[in-house]
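The values are calculated or read from the model by the stated rules, or taken from the named source; none is laboratory data. The structure displayed is predicted, hence computed values, not measured ones. Using ideal geometry, Cβ is built from the backbone for each residue, glycine included, and neighbour counts are taken over all protein chains shown. All accessible areas refer to the heavy atoms of the entire protein, side chains included, with ligands and DNA or RNA removed. Shrake-Rupley method; radii C 1.70, N 1.55, O 1.52, S 1.80 Å.
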Amino acid sequence: PGICAVSRFFCASDEYQAAWNWMYETWLPGSGFAPADIPAFEMYDADAYDAVTGKTAVDICIPVQPL
């Protein structure tokens, strides 16, 4: 049990790494949280796939703990 930082991105197959980088390099340092000792994960919304752009919704979830 704990809390997760969750952010939704709309990514093409070559954009996932940039989304992860944003979470860890931009959001996390100023958030007041640190990663918890639990693996981070992705959740996909298959209903949010856009065939025109090739992008789908993905929630990047990072278990965190207060600093």
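Within the stretch 39-51, the set of residues being surrounded by 11 or more Cβ atoms within 10 Å (Cβ to Cβ) and modelled with pLDDT under 95 comprises Tyr44, Asp45, Ala48, Tyr49, Asp50.
For beta carbons closer than 9 Å, sequence separation of 6+ or different chains, a first residue in the stretch 32-51 that is over 9 Å from Pro63 (Cβ atoms) and a second that is among the hydroxyl-bearing types (Ser, Thr, Tyr) and in a strand (DSSP E or B), the qualifying pairs are Tyr44/Thr56; Asp45/Thr56; Ala46/Thr56; Ala48/Thr56; Tyr49/Thr56; Asp50/Thr56.
Against the numbered list (1) open to solvent by 40 Å² or more (accessible area, probe 1.4 Å); (2) in contact (Cβ under 8 Å) with a residue 24 or more places away in the chain, Cys61 comes up short only at (1). When Asn21 is tested against (1) under 10 Å from the mean Cα position of the chain (by Cα); (2) surrounded by 11 or more Cβ atoms within 10 Å (Cβ to Cβ), exactly one condition is not met: (2).
Just a yes or no: is a residue in the stretch 11-21 assigned to a strand (DSSP E or B), aliphatic (A, V, I, L, M) and at pLDDT 95 or above? The answer is no, given that none of the residues of the stretch 11-21 is assigned to a strand (DSSP E or B), aliphatic (A, V, I, L, M) and at pLDDT 95 or above.
Is it the case that some residue within the stretch 27-38 is open to solvent by 60 Å² or more (accessible area, probe 1.4 Å), within 11 Å of Cys4 (Cβ to Cβ) and outside any strand (DSSP E or B)? Looking for residues that are open to solvent by 60 Å² or more (accessible area, probe 1.4 Å), within 11 Å of Cys4 (Cβ to Cβ) and outside any strand (DSSP E or B), one finds at least one in the stretch 27-38, hence yes.
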